[in-house]
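Notes to accompany the following structure.
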Amino acid sequence: MQLRLTGFTVPSITILAIVVFTWSVAGEEKALNVAPKVGSIAPPFELADPSGERVSLEGLRGKPLILNFWATWCPPCRAEMPDLQAFYERNREVGLVVIGIDHGEDAKAVNEFEPRITYSVLLDKDKEVSRKYHIFGLPSSFFIDRDGIIRTVWPGFMNAEIIEKNAAKIIEN
């Protein structure tokens, strides 16, 4: 004999409870794995540069920051680099930090890369940081203010005008 509760049997209530619980846990997992958004704190990370020196995002707090995800094999990444490099050169005196996060390559690939850039490059060999930032295409950039808040997410190629406009939001802060 099965107990009936408003048209449901005990086994069906159990199944319904399992489904609801599973759905809510999956929803929590998704909520924890959302892409960084404008107005949110930039997800923390620590990566090494090509010489092996470790750099953490937390250590850059207090400075305006452009995170630029790129790879040596990426034509749009290569195309935007001269403008990004020139902007960095003009603004590093006001504390601007530009970090190129190389997507999945090793130190040799970065060290042999031309044109030479003078802003910092960090290696995301296992693409863990790229996954944390939900990078699905290269280049992708994040403009982060002195408080660690993302002010712009820019997926794709940037020219000088785009860099200037979005960096104004973090330099003036």
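The values are calculated or read from the model by the stated rules, or taken from the named source; none is laboratory data. From a predicted model like this one, the values you see are computed outputs, not experimental measurements. So basically every Cβ, Gly included, is an ideal-geometry build from the backbone, and we count neighbours across all protein chains shown.
Here are a few things to note about the model shown:
- Among the residues listed as 91, 68, the single one being under 29 Å from residue 33 (Cα atoms), polar (S, T, N, Q) and either touching a helix residue (DSSP H, G or I) at 6+ places or on another chain (Cβ under 8 Å) or part of a helix (DSSP H, G or I) (or both): 68
- Yes/no for residue 121 being of a type outside the set (Lys, Arg), surrounded by fewer than 12 Cβ atoms within 10 Å (Cβ to Cβ) and under 24 Å from residue 170 (Cα atoms): no
- The set of residues from region 124-173 being part of a loop (DSSP other than H, G, I, E, B) and aliphatic (A, V, I, L, M) comprises 135, 138, 158.
- Condition met for residue 55 (among the aliphatic types (A, V, I, L, M) and modelled with pLDDT under 95): no
- Top-ranked residue of region 139-157 - restricted to ones that are closer than 23 Å to residue 110 by Cα and out of contact with any strand residue (DSSP E or B) (no Cβ under 6 Å at 6 or more places or on another chain), ranked as surrounded by the most Cβ atoms within 10 Å (Cβ to Cβ): 157
- Residue, farthest from residue 74 (Cα to Cα), within region 101-123, restricted to residues that are of a type in the set (Val, Ile, Thr) and not in a helix (DSSP H, G or I): 118
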